[in-house]
1. Give me the mean projected area, in nm² to one decimal, of the convex hull enclosing the Cα positions of segment 45-161.
2. DSSP loop (so not H, G, I, E, B), at most 12 other Cβ within 10 Å: list which trypsin sites (Lys or Arg not before Pro) in segment 98-158 pass both filters.
3. Would you mind working out the magnitude of the charge dipole of segment 60-156 relative to its Cα centre, with +1 at each Lys and Arg C-beta and -1 at each Asp and Glu C-beta, to the nearest 20 Debye?
4. Would you mind ranking Ile84, Ile143 by Cβ crowding within 10 Å, fewest neighbours first?
5. Going Cα to Cα from Lys99, which aspartates and glutamates come in below 20 Å? Please leave out same-chain ones fewer than 8 positions away.
6. Please list, by residue number, every one of the GluC sites (Glu not before Pro) in segment 84-165 that is coil in DSSP and has at most 11 other beta-carbon atoms within 10 Å.
Amino acid sequence: MKKNLIISAALVLCTVLVLAAGCTQPATPPATPTPTPALTTATATPTASSTPISLTPGPTQTLPENWNIEMQVTTDGQAWDPHIIVSCQGGKGLNFIQKIDVTVTGSDGVVVTGVMEKPLYKGQSVSLRSTNKPGDKTDRVEIWATNPQGEKVKIFDAYVPFRTY
């Protein structure tokens, strides 16, 4: 009799502990962070524009020091399928800049655009088609950063030659 009482008391205690443990669980499961991809390449889309295309670089602006972001513009130098690679090299503004728009205006008149979106990280890059017609192979690259207020600021505007020796 005493043995049955101890067993039933232990079962009741285990049941109470199981119910109490179930009541302490959160209502929704905790969100798991999404892993950041190692390399992002944006799709390049040629755009036909009714506005005149300018190959002349214009003035740029400087972001405030706490929003500053470093960008690197290089070419891959391949003759058969040339690309311009724009990569993020870090800076204090990685957590503040909303997105980065890249526009390549080829000397052949083709305009190609790409976007780097939040979350920005060091090493994130966009590869866009470059000019591949014979003759002058100097393209214009524009980089626009969208600041926390939603304003677009032109941080880079320059010629990028196909290959430098």
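Coordinate-derived values only; no laboratory data. Here the structure is a predicted model, which is why all the values come from computation and not from measurement. When we count neighbours, we look across all protein chains shown, and the Cβ atoms used for this are built from the backbone with ideal geometry, even at glycine.
1. On the way: hull surface 29.1 nm².
The directionally averaged projection comes out at 7.3 nm².
2. Lys122
3. 140 debye
4. Values: Ile84 24, Ile143 21.
Lowest count first: Ile143, Ile84.
5. Lys99 reaches Glu65, Glu70, Glu117, Glu142, Glu151, Asp157.
6. Numbers: sites: Glu117, Glu142, Glu151; in loops: Glu151.
Sparse-neighbourhood loop GluC sites (Glu not before Pro): Glu151.
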